Amino acid sequence: MNDMTPDREERSANLKGMGCSRKRVEDSRFTQGKGNYVDDIKLPGMLHGDFVRSPYAHARVVSINKEAALALPGVVAVLTADDLRPLNLHWMPTLAGDKQMVLADGKVLFQGQEVAFVVASDRYVAADAVELVEVEYEELPVITDPFESLKSDVVLREDLEGQTEGAHGPRKHHNHIFTWEQGDESGTNQVLDNADVVATESMYYHRTHPCPLETCGSVASMDKVNGKLTLWGTFQAPHVVRTVASLLSGIEEHNIRVVSPDIGGGFGNKVGVYPGYVCSIVASIVTGVPVKWVEDRMENLMSTAFARDYHMTGKISATKEGKITGLHCHVTADHGGFDACADPTKFPAGFMNICTGSYDIPVAYLAVDGVYTNKAPGGVSYRCSFRVTEAVYFIERMIEVLAIELGMDSAELRRINFIKKEQFPYTAALGWEYDSGDYHTAWDKALKAVDYDGLRKEQAERVEAFKRGETRTLMGIGLTFFTEIVGAGPVKNCDILGMGMFDSCEIRIHPTGSAIARLGTISQGQGHATTFAQILASEIGISADSITIEEGDTDTAPYGLGTYGSRSTPVAGAATAMAGRKIRAKAQMIAAYLLEVHDDDVEFDIDRFVVKGAPEKFKTMKEIAYAAYNQAIPGLEPGLEAVSYYDPPNMTYPFGAYVCVMDIDVDTGVPEIRRFYALDDCGTRINPMIIEGQIHGGLTEALAVALGQEIAYDDIGNVKTGTLMDFFLPTAWEVPNYETDFTVTPSPHHPIGAKGVGESPHVGGVPCFSNAVQDAFRPFGNRHTNMPHDHWRIWQTANRLGLHD
Ligand code: PCD
Ligand SMILES: [Cu+]
């Protein structure tokens, strides 16, 4: 070989392909104030909108007087439901097939509900004018408890009165939304009735909120001359927004351009469609100039989509030796005033039916009842794909409770019930086919890494010391083994409003051998511009540094269902690899032609095609790209482009083993996290550094949710946690040093074997932190206490158990 040419190792390093901890290309703009967020969009003549929101959780709107507001200089319009009705835009369909008011029509159902939209020359004038809109309300009885709601005579949704059938089947009561059943009810009951041991527990996974750094917002610009509507916004699914906007407004889809610019965190909060988006569009149509709407922090916490709010009751049975025999789960789901859950259409409770977890459970049954209350609508995933965090919390608590019932170590209980490596692909009792896993290897690695036996010994000594009065801190060991289900999803069972959940990638190679690839997904901080270029680099032999990744502009990107549920890697990542392979196939033909050999006589080698057995004869991808723009092969189309729409054959099933060690001061209720060990298996790893960042972020959000973060309501439906003074957002102060680790079990059906990872740390983290708190009190008779485990609640647990006596 020529000494001047770089060797294979160097060529491979230059690619910055799969498995390389490539630095994030987007960070230079994020760290130097050059990001372009919705609020950075400033158009000539642009107006600003702001909402009049209901102070009451349930009330009739008797009258709205706009006069004083309209008299304020700078105010251009005040829109109410009456103004929107002629356009049929006073309501919108939710992703769950319910009907949500864009502006209150006669009645409000939650505190913070949108009542009127003020449009003014300036954001501050708009806010002042909001105060001048006089709304007369007549208060109605408020229901904030879903169990009470199902017994109440008060009809929350008068618009649905008398409707016995909802979007997801029969309704049992005027405040009931749906019942979703999965599995074998009678078979499960039979097993439970005849079991050696049954553990029963009820738990509440409280309402919380993703609270991204950037709140939601949009800018609409209706160009009446050309008939084009452009909408910039904080959208996790820009193409879906375009389709919904077209269906609602009647504007043809090719005349609508939706752009998601840089997004300051999504976490599920930006999946749904909000009244603000619709109002900015209507206001731009009405005024003929661009209109911006950006909510403030309080509005974001109070009225945009919440997560969780699941009341779960479980029964789990086992033999005396601890082999699990059956699982029963019932959920009462509080959906607030409208069912605006963001789930694939056929899954009204998301993937809650993954609640058998990582265990080989022969029979199971799940029923979920959705209920209306006077709380904000939503039901987003918040760093978990469709209720998976609820499911994992449920099963990981049930395992702990069963271990108490059996008098057994819960690490061992997990081990003897894991689905075994040779059982994959494994079909779970509630229907999912787990693609791959090696749980025992991961579990053993984790327990060894933390010296589990040593920790248990230390804990036992601590309990003795506590009893002797030598210490006031207890030690908790939190364990969790989780299985995620990400990559929604196969079009055969996953769609949103009838659109199958495939995803896409389109690649163009430029003559000089650099490229642009566009995807149907949209990064909100995950680093797609970095990682998707790495997938392509390995597939097509062009350095990641020479590939631009673009997402989020519906005029240029191929149709896709967006980014949430850790679906980008499993679905769009697969599309990227597949499109790359199409490029490579054409490149192979060109190379062979140029090298004057048969197609089969060349092979791909890092960044070139080489003649088999004659490595000195090759064409680099750069050379091939250039040739592709000439008459490379007579009769062959010029250019080097490809597109792939990928319909995944199955979900991917990442998993992980987490251990948290915590010291709890029983007198102050303050937990100190001594250690947090997280082993993740997300199959083939694209960028280890980005994975680690994802895990740190997800664990921190898990810490938040487990230890204090909550959207709390009082009895009359006032949001008690509407500001960051009351809503817990952890800072560097609370966050421990995380230890990360991994195993690699590739997905057998994904073209590069990758599974999602963004959500895993949250899904596994919440039960792990919670289990640590609960475990500290286990020696004193604690069985289960509800999250969030803030200092006050931990103190109360200590008090209830008599530890302050
Ligand atoms: N194997 C593997 C996997 C993965 N990866 C990477 O990592 C990341 C992630 O991924 P995923 O998992 O696939 O995911 P996505 O789809 O992309 O994303 C989503 C997620 O993501 C996470 N993360 C994050 N980050 C940030 N920064 N921001 C944000 O916002 C966020 N969010 C969150 C959430 S919540 Mo939901 O929405 O609730 O459903 S879902 C979610 C990207 O970059 C990728 O590429 C790698 O590397 N490898
Ligand atoms: Cu979820």
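The values are calculated or read from the model by the stated rules, or taken from the named source; none is laboratory data. Keep in mind that this is a model prediction, so the values were computed, not measured. Glycine gets a Cβ as well: all are built from the backbone with ideal geometry, and neighbour counts include every protein chain shown.
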- Task: Mind counting the residues in region 369-388 that are out of contact with any Gly (no Cβ under 9 Å at 6 or more places or on another chain) and among the β-branched types (Val, Ile, Thr)?
- Result: 1
- Checklist (1) more than 16 Å from ligand 1 (Cβ to nearest atom); (2) crowded, with 19+ Cβ neighbours inside 10 Å applied to ALA702, failing item: (1)
- Do you know which of the residues in region 302-326 that are surrounded by 23 or more Cβ atoms within 10 Å (Cβ to Cβ) and of a type in the set (Val, Ile, Thr) is farthest from SER149 (Cα to Cα)? ILE324
- Query: Out of (1) out of contact with any Ser or Thr (no Cβ under 8 Å at 6 or more places or on another chain); (2) assigned to a loop (DSSP other than H, G, I, E, B), the odd one out for ALA772 is which?
  - Reply: (2)
- helices (runs of 4 or more DSSP H) wholly inside region 376-478 containing at least 3 residues that are closer than 27 Å to LEU801 by Cα: 388-406, 410-417, 452-467
- Task: Quick one: PHE482 ticks every box in (1) free of Cβ contacts under 8 Å to residues at least 24 places away in the same chain; (2) within 16 Å of ligand 2 (Cβ to nearest atom); (3) not polar (S, T, N, Q) except a single one, so which number is it?
- Result: (1)
- Just checking, which of ARG22, ARG29 is buried (at least 21 other Cβ atoms within 10 Å of the Cβ) and over 30 Å from ASP82 (Cβ atoms)? ARG22
- Task: Return yes or no: is LYS720 over 29 Å from THR473 (Cβ atoms), among the basic types (Lys, Arg) and within 15 Å of ligand 1 (Cβ to nearest atom)?
- Result: no
- Residue under evaluation ASP714, criteria (1) crowded, with 20+ Cβ neighbours inside 10 Å; (2) among the acidic types (Asp, Glu); (3) more than 16 Å from ligand 2 (Cβ to nearest atom), criterion not met: (1)
- Item | One residue from LYS270, LYS315, LYS320 being of a type in the set (D, E, K, R), in a loop (DSSP other than H, G, I, E, B) and more than 16 Å from ligand 1 (Cβ to nearest atom) | LYS320
- Only one of CYS329, CYS341 is closer than 29 Å to GLY525 by Cα, in contact with a strand residue (DSSP E or B) (Cβ under 8 Å, 6 or more places away or on another chain) and either part of a helix (DSSP H, G or I) or not assigned by TED's automatic domain parsing to the domain that holds LEU561 (or both); which? CYS341
- Query: Among LYS375, LYS346, LYS315, which is the only one that is at pLDDT below 95, away from ligand 2 (no atom under 11 Å from the Cβ) and not aliphatic (A, V, I, L, M)?
  - Reply: LYS346
- Message: Looking at the structure I just gave you, is CYS329 within 16 Å of ligand 1 (Cβ to nearest atom), surrounded by 24 or more Cβ atoms within 10 Å (Cβ to Cβ) and not aromatic (Phe, Trp, Tyr)?
- Response: no
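Say whether the condition of being under 30 Å from THR345 (Cβ atoms) and out of contact with any His (no Cβ under 8 Å at 6 or more places or on another chain) is met by at least one residue in region 465-482.
Taking every residue of region 465-482 in turn, at least one turns out to be under 30 Å from THR345 (Cβ atoms) and out of contact with any His (no Cβ under 8 Å at 6 or more places or on another chain).
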- Residue by residue through region 781-802, note down the ones that are in contact with a helix residue (DSSP H, G or I) (Cβ under 8 Å, 6 or more places away or on another chain), more than 18 Å from ARG674 (Cα to Cα) and outside any loop (DSSP other than H, G, I, E, B). THR797, ALA798
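Is it the case that VAL705 is within 16 Å of ligand 2 (Cβ to nearest atom) and either touching a residue at least 24 places away in the same chain (Cβ under 8 Å) or of a type in the set (Asp, Glu) (or both)?
Considered against the rule, which asks whether it is within 16 Å of ligand 2 (Cβ to nearest atom) and either touching a residue at least 24 places away in the same chain (Cβ under 8 Å) or of a type in the set (Asp, Glu) (or both), VAL705 comes out as yes.
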- Take the residues of region 535-546 that are surrounded by 24 or more Cβ atoms within 10 Å (Cβ to Cβ) and at negative phi: which is nearest to ligand 1 (Cβ to nearest atom)? ILE535
- Task: Inspect region 210-229 for any residue being touching a residue at least 12 places away in the same chain (Cβ under 8 Å), surrounded by 18 or more Cβ atoms within 10 Å (Cβ to Cβ) and of a type in the set (Asp, Glu) and give the result as yes or no.
- Result: yes
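Conditions tested, residue by residue: (1) within 28 Å of the chain's Cα centre (by Cα); (2) surrounded by 18 or more Cβ atoms within 10 Å (Cβ to Cβ).
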| position | (1), (2) |
| --- | --- |
| ALA96 | yes, yes |
| LYS99 | yes, no |
| LYS107 | no, yes |
| VAL119 | no, yes |
- For residues that are surrounded by fewer than 21 Cβ atoms within 10 Å (Cβ to Cβ) and of a type in the set (A, V, I, L, M, F, W, C), tally how many sit in region 174-190. 0
- What residue, of SER385, SER358, is crowded, with 23+ Cβ neighbours inside 10 Å and either more than 15 Å from ligand 2 (Cβ to nearest atom) or acidic (Asp, Glu) (or both)? SER358
- For region 649-682, how many residues are within 19 Å of the chain's Cα centre (by Cα) and either part of a strand (DSSP E or B) or without any contact (Cβ under 8 Å) to a residue 40 or more places away in the chain (or both)? 5
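May I ask you to verify whether PRO648 is of a type outside the set (S, T, N, Q), buried (at least 16 other Cβ atoms within 10 Å of the Cβ) and within 16 Å of ligand 2 (Cβ to nearest atom)?
no
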- Got a number for residues in region 301-310 being more than 13 Å from ligand 1 (Cβ to nearest atom) and under 17 Å from GLU701 (Cα atoms)? 2
- With respect to the numbered conditions (1) under 26 Å from LYS346 (Cβ atoms); (2) assigned to a helix (DSSP H, G or I); (3) among the charged types (D, E, K, R), which one is the sole condition not fulfilled by GLU148? (1)
- Note on the structure: Log entry, pairs with first residue in region 297-312 being more than 18 Å from GLY272 (Cα to Cα), second being within 16 Å of ligand 1 (Cβ to nearest atom), beta carbons closer than 6 Å, six or more apart or on different chains, reads TYR310/TYR205; TYR310/GLU390
- Would you check if ASN630 is surrounded by fewer than 22 Cβ atoms within 10 Å (Cβ to Cβ) and over 30 Å from ASN782 (Cβ atoms)? yes
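Tell me which residues, restricted to region 589-609, are without any contact (Cβ under 8 Å) to a residue 24 or more places away in the chain and either surrounded by 19 or more Cβ atoms within 10 Å (Cβ to Cβ) or closer than 20 Å to ALA544 by Cα (or both).
ALA592, VAL602, PHE609
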- Note on the structure: In the set GLY487, GLY476, GLY527, the lone residue that is over 30 Å from ARG22 (Cα atoms), of a type outside the set (D, E, K, R) and either crowded, with 18+ Cβ neighbours inside 10 Å or modelled with pLDDT of 95 or more (or both) is GLY476
- Query: Quick check, is ASP262 in contact with a Phe, Trp or Tyr (Cβ under 9 Å, 6 or more places away or on another chain) and within 16 Å of ligand 1 (Cβ to nearest atom)?
  - Reply: yes
